[in-house]
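A.B. asks: This structure is in structure tokens; I'll ask about it shortly.
Each value in this text was obtained by applying a stated rule to the coordinates, not by laboratory testing. Because the structure is predicted, anything quoted here is derived from the model rather than measured. Please note: Cβ atoms are built from the backbone with ideal geometry, for glycine as well, and neighbour counts cover all protein chains shown.
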Amino acid sequence: MITLLKNGKLYDPVHNKNGVLDDIYIFQGRIISKPLNTEKISQTYDLTGKVVMAGAIDMHSHIGGGKVNIARMMLPEFQDKKLQETKNYSEPEAHICTPYCSHNATPSTTDTGFRYIEMGYTAAFEPAILPINARHAHLEMGDTPMIDKGGYAMLGNDDYFLRLLASRADQKAINDYVAWTLAATQAIGIKVVNPGGISAFKFNQRRLDLDENNVHYKVTPREILKSLSNAVYQLGIAKPLHVHCNNLGAAGNFETTLNTMGASEGLPMHLTHIQFHSYGTEGDKKFSSAAAQIAEALNTNKHITADVGQILFGQTVTASGDTMMQHLNAKLANPKKSVIMDIECDAGCGVVPFKYRDQNYVNALQWAIGLEIFLSVEDPWRIFLTTDHPNGAPFTSYPHLIRLLMDKTFRNETFAKLNLDAQAMSNLASLNREYTLYEIAIMTRAGAAKLIGLNDRGHLGIGAAADITIYTDQADREAMFAKPDYVFKDGELVVKDGKVIKVVWGATHTAKPAFDMRVEQGLKKYFEKYHTIQLDNFKISDDEITEDGRGKIIVHDKTS
Amino acid sequence: MNSDNGNTRTMMATCPACGLLCDDVLIENNQNKISVLEGSCTKSISFFEQSIGNITPLIAGKPATFQEAIAKTAQILKIAKNPLLAGLSTDLQGFRAIYDLAQKTDATLSHMNAASSQRNLRVLQSAGWQITTLTEVKNRADVIVCIGTDVVTHNPRFFERIIQQDGMFIGAKEREVIFIGENIQKNDTLEGSSLLACRASDLPEITLAMRALVLGKKLKATQVAGVNTSDLQTVVDKLKQAKYAVLVWVAKDLDFPHAELTIQNITETAVVLNQITRAAGLQLGGSDGDTGVNYANTWLSGVTLKEDQSIQHDAVVWVNSFSPDKKPPSSDRPLIVLGNANSQFGNKPDVFIPIATPGLDCGGLLFRVDGSVTLPLKKLRETGLPTLSDVVSQIKVLLG
């Protein structure tokens, strides 16, 4: 059964197609070359005038696992009907509730899948899986319909790794442990959150800078980054080490961020939600934008990629592994409650609800800083569109964010309504850039797939998985990206006119580089002595993800 | 650690009998009869060594086939407008099936431990907390204060596995354990432990005083609910001097009105301590899959399970895999029991369908009481019983 998508305007950066009129043929979930005239076309969609892109990929979104679920449990008010009414919001807050969003920052797993696919997203990656909590994260992702998923396992604050590093274990021992962790947790990448800092907080250390020692292990974040970025590189894991820098949210932290770019000594690293790490200390309020310095450094340091972590105004909740910094942020909680948790000598989590307000100086400037970074980083292949869902805003606000990037008039009108002191401290209005559809397709599709190593996603070439989104070209880019005409997932039409018409279950993407099985000798001793579960029970088997008949595992290596 | 020797097989098992989920239990299967060889406690022995029980379904007390019992169940649920799915003593897969059934039948869900779970949930939803998990406690905790509980009644191996072990950063002998409460037997094997005796009903006042003292407030009274203020101050000083103090509570043991305020005193004491040193709360207890059921309901629906069991209903489905002695609530509504083959009843149920017990008759998954760890359960013996998910999916087919 062959499906033909006829005469669409293709935005497919992998194949340099920038609005090229072309046909797409789909067979058994894949894009195929033009079949022979003798072969039967079962279905044809006339896409004349429509914009065609690969399905979008969110490379950083907290969609499942312990801290997301704590947020759901802690915040029943998010389900309050009143919050679901859009009419009381005025711009710039109104975007939080497009007619198609689930209207809160902590949707159920079903809502998560539905809201993503309705916007044309066909994959999302949970960026902070504590290895000990990986089974829980996969359970939630397994209950998330419609989209593909995957995750990054957190290392660098676990006592096992820090003991290795402190004892000057050789790089091979680190590599084996990193590869073993990927396999044990069914993850596709490795993340480090506040390198060494979550551990340091357990020893009552309250701040940790890049070249400062963790008080117990006497190792620095720089050493941790060097070790882990080397491991990821040497193991051939496509996804560069995912780095949440030290000093999240602190005024003046941009210098830590700039210095962090050097920590891998030229090896690839991805700095995540970089907006939260781009703050200076200038001005009366000792809080300023360092977006220009950060963007300049990103333009120069080609080994570094980043996603923005844009904030948008309204109620949300921040959920992070960074207990050290979330403990400081807890005093800003709105509503006033928070959860800070040390977890299993593995890492931790901090869940703090936030309400970003457009008349608050810091919040307004955070908003501007994110956009300044988007507009000042030249290479769209190395900057990614995220709100660090739900930390900066719920992912359902992406269409609004896309409009802010593509529509200077809209952006400047929104900016003009913000806190005046913040306006005075931002150069946003002088940035004339408007993202093109082609650049949006890079940032949300081609670039994201390339970054994670999903070689058959994020593009519309022959052999690609037929994850395809079709939009009506509209001047209002928010309306356009909120409601695609059609979304195909693995070749099946699953969304029509912005509504799900068929429920499907996506795959879990993983990477499993080889390792020396003898790594388990040391781990077994450690587990027996210090852990509270058996080593064998720590590891997640393939069956656990696939046995219910819905889940499926796809293993990627750099060449596949 | 698995071995096969003729008629007997030994293997490591994970015990679902309490929230600790000890996975170091060595069991032996001798011709389908299980014995615990190592890592035992009273709860694990009665769980693993339970008989296979009555594997025949019953309709109005009379033996029936599974098909008949399932058909009868579907018939009752088809008529019911708002069934109550209660008990919910099951594992993750079982709960997912039950959740689907609730969606299909417009049913209300209620776990048998809802009252105690809600005590914790109210604190989480009003103030949040600062808490920790078992491996952190094992490796860091130097001062452990157990408030209103001996712990071992609920989690028999807590001290053996977590406290009386040398950790990475603390030796077993360097720890200090303090109990505060009533009817707490001093654990003789627990060196260096002490008891501050008080009535359970005085815990709200005592925990409030402790919270005030940690905040640095001076109390004028020399006694608080019969406890010397100076004794409380001694505990508080130890908490303040600790490198990693842990305050333990078991919600089920705080069984008095507004117990959530007492729990909040405990958790806020930890929050205040964390301004200068490190400390954390630790919620223990847990049984019948309660943690996982609450978690899964939250991610599946976006909201937590409600407490209200008195909600209007016109049929009851009592789901009980793990605790055959826990009986369904008495009700004049039609009663269906999907339960452990040894289930006991007060009222004779309209339908009883015996189901496989996860961790014994079939595999499964449970959340540990501290929340971050999910562990697989193993099938240890052959009973031929269907799993809860099997039964529910057949019911769903008949519901159309």
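A.B. asks: So which GluC sites (Glu not before Pro) in the range A:474-560 pass both tests, a DSSP loop state and at most 13 other Cβ atoms within 10 Å of the Cβ?
C.D. replies: Sparse-neighbourhood loop GluC sites (Glu not before Pro): A:E547.
A.B. asks: Also, I was wondering about something else. For the range B:1-124, report the % of Cα-Cα distances exceeding 24 Å.
C.D. replies: 52
A.B. asks: Express as a percent, rounded to the nearest 5, the fraction of DSSP beta bridges in the protein assembly as shown (both residues included) that run antiparallel.
C.D. replies: If I count the DSSP bridges inside the protein assembly as shown, around 45 percent turn out antiparallel.
A.B. asks: In the neighborhood of B:T298, defined by Cβ-to-Cβ distances under 12 Å, what is the net charge if each Lys or Arg adds +1 and each Asp or Glu adds -1?
C.D. replies: 0
A.B. asks: Over the Cα atoms of the range A:136-292, how large are the radius of gyration and the largest Cα-Cα distance (Dmax), in Å?
C.D. replies: Over the range A:136-292's Cα set, Rg and Dmax evaluate to 16.4, 50 Å.
A.B. asks: Which cross-chain or sequence-distant (5 or more) residues have an amide H under 5 Å from the amide H of B:Y244, H modelled 1.01 Å from N in plane?
C.D. replies: Counting only residues 5 or more places away or on other chains, the set is B:D142, B:V143.
A.B. asks: When Lys and Arg each count +1 and Asp and Glu each count -1, what net charge do the other residues less than 9 Å away from A:A183, Cβ to Cβ, add up to?
C.D. replies: Taking every Cβ under 9 Å from that of A:A183, the sum is +2.
A.B. asks: Grab the alpha carbons of the range B:271-351, take their convex hull, and tell me the volume per residue in Å³.
C.D. replies: Enclosed volume per residue, from the Cα hull, is 153 Å³.
A.B. asks: Moving on to the next point. Any number yet on Rg/Rh for the range A:402-535, C-alpha, Kirkwood?
C.D. replies: 1.18
A.B. asks: Using a 10 Å cut-off around each Cβ of peptide B:274-283, what is the average number of partner chain Cβ atoms that fall inside?
C.D. replies: Averaged over the peptide's residues, the number is 2.
A.B. asks: Output the peptides B:288-299, A:298-309 sorted from most to least packed, where packing is the average of other Cβ atoms within 10 Å over each peptide's residues.
C.D. replies: Result, highest mean first: B:288-299, A:298-309.
A.B. asks: Same structure, new question: Hey, with R₀ at 56 Å, roughly what FRET efficiency would A:S430 and B:D231 work out to, going by the Cβ-Cβ distance, to 0.05?
C.D. replies: The calculated FRET efficiency here is 0.25.
A.B. asks: With labels modelled as points extended 7 Å from the Cα through the Cβ direction, what inter-label distance (nm, one decimal) is found for A:T48 paired with B:T42?
C.D. replies: Roughly 8.1 nm, to one decimal.
A.B. asks: Sticking with this one: Can you give me the Kirkwood hydrodynamic radius for the range A:54-452, using every pair of distinct Cα atoms, in Å to one decimal?
C.D. replies: The answer is 20.7 Å.
A.B. asks: Compare the Cα positions of A:T300, A:S289, A:H327 along the charge dipole of the range A:286-338 (+1 at Cβ of Lys, Arg; -1 at Cβ of Asp, Glu; about the Cα centre) and return the one farthest towards the positive end.
C.D. replies: Projecting each Cα onto the dipole axis, the largest value belongs to A:H327.
A.B. asks: Using the Karplus curve 6.51 cos²θ - 1.76 cosθ + 1.60 with θ = phi - 60°, what ³J(HN,Hα) values do you get for each residue of the range A:10-23, in whole Hz, with x for Gly and Pro?
C.D. replies: 8, 10, 9, x, 4, 10, 6, 9, 10, x, 7, 6, 7, 9
A.B. asks: Which whole-number percent of Cα pairs in the range A:129-229 have a distance greater than 17 Å?
C.D. replies: 52
A.B. asks: Continuing with this model, one more query. Compute the signed sum of charges (Lys and Arg +1, Asp and Glu -1) over the other residues within less than 15 Å, Cβ to Cβ, of A:A291.
C.D. replies: -4
A.B. asks: Please list, in chain and number order, the residues 5+ apart from A:G506 or on another chain whose amide H is under 5 Å from its amide H, with Hs placed from the backbone.
C.D. replies: Answer set, sorted by chain and number: A:M146, A:I147.
A.B. asks: Treating cross-link reach as a plain straight distance, find the aspartates and glutamates whose alpha-carbon is under 16 Å from the alpha-carbon of A:K502, omitting any fewer than eight places away in the same chain.
C.D. replies: Once the sequence-local aspartates and glutamates are set aside, what remains near A:K502 is A:D111, A:E118, A:D143, A:D148, A:D467, A:D485, A:D490, A:E492.
A.B. asks: What is the spin-label model distance, in nm, from A:F27 to A:D476 if the labels are put 7 Å beyond Cα along the C-beta direction?
C.D. replies: 4.2
A.B. asks: Mind computing the radius of gyration and Dmax over the alpha-carbon atoms of the range B:3-48? Å is fine for both.
C.D. replies: For the range B:3-48, the Cα radius of gyration and maximum Cα-Cα distance read 10.4, 34 Å.
A.B. asks: Once phi is turned into ³J(HN,Hα) by the Karplus curve 6.51 cos²θ - 1.76 cosθ + 1.60 with θ = phi - 60°, what whole-Hz value does each residue of the range A:345-358 show in order, with x for glycine and proline?
C.D. replies: Once θ is set to phi - 60°, the couplings for the range A:345-358 become 6, 10, 5, x, 8, x, 10, 9, x, 9, 10, 7, 10, 6 Hz.
A.B. asks: Using modelled backbone amide H atoms (1.01 Å from N, in-plane), which distant-in-sequence or interchain residues come within less than 5 Å of A:R30's amide H?
C.D. replies: Amide H to amide H, under 5 Å and 5 or more residues apart or across chains, A:R30 pairs with A:A466.
A.B. asks: For the range A:101-158, what number results from the quotient of the Cα radius of gyration and 2.2 N^0.38 Å?
C.D. replies: That ratio works out to 1.19.
A.B. asks: Give, to the nearest whole percent, the P(r) tail of chain B beyond 32 angstrom, counting all Cα pairs.
C.D. replies: 40
A.B. asks: Another one. What FRET efficiency would be calculated for the residue pair B:R333, B:L398, taking the C-beta separation as r and a Förster radius of 25 Å, to the nearest 0.05?
C.D. replies: 0.80
A.B. asks: Using the Karplus curve 6.51 cos²θ - 1.76 cosθ + 1.60 with θ = phi - 60°, what ³J(HN,Hα) values do you get for each residue of the range A:48-64, in whole Hz, with x for Gly and Pro?
C.D. replies: Karplus values, whole Hz, x for Gly and Pro: 3, x, 8, 8, 10, 9, 5, x, 6, 10, 8, 7, 7, 8, 7, 9, x.
A.B. asks: For the protein assembly as shown, take the convex hull of the Cα atoms, compute a quarter of its surface area, and give me that in nm², please.
C.D. replies: 40.0
A.B. asks: Let me ask something additional. Which of A:I373, A:A446, A:N432 sits closest to the plus end of the dipole of the range A:343-498, meaning its Cα is farthest towards the positive end, when Lys and Arg get +1 and Asp and Glu get -1 on the C-beta?
C.D. replies: Result: A:N432, furthest along the dipole toward the positive end.
A.B. asks: Something else about it: Only bridges whose two residues both fall in chain A count here: according to DSSP, what percent of them are antiparallel, nearest 5?
C.D. replies: Antiparallel bridges make up about 55 percent of those DSSP assigns within chain A.
A.B. asks: Let me ask another. As a test of the formula, what do you get for the protein assembly as shown when each DSSP H run with n ≥ 4 contributes -39,500 (n - 2.57) and the sum is divided by the residue count, at 222 nm and rounded to the nearest 500 deg cm²/dmol?
C.D. replies: Only helices count here, giving -9000 deg cm²/dmol.
A.B. asks: Determine, for B:E182, A:E126, the number of other Cβ atoms within 10 Å of each Cβ, and report the residues in order from fewest to most.
C.D. replies: So the ranking, lowest neighbour count to highest, is B:E182, A:E126.
A.B. asks: Using only the alpha-carbon atoms, what does the range B:117-284 span along each of its principal axes? Please give whole angstrom values in decreasing order.
C.D. replies: Largest first, the range B:117-284 extends 39, 32, 32 Å along its Cα principal axes.
A.B. asks: Further question on the same structure: With respect to the cross-link table entries A:K285/B:K217; B:K217/B:K306; A:K286/A:K355; A:K6/A:K483, which display a Cα-Cα separation exceeding 26 Å?
C.D. replies: A:K285/B:K217; B:K217/B:K306
A.B. asks: Which FRET efficiency, nearest 0.05, do A:K302 and B:D106 yield, Cβ-Cβ r, R0 51 Å?
C.D. replies: 0.35
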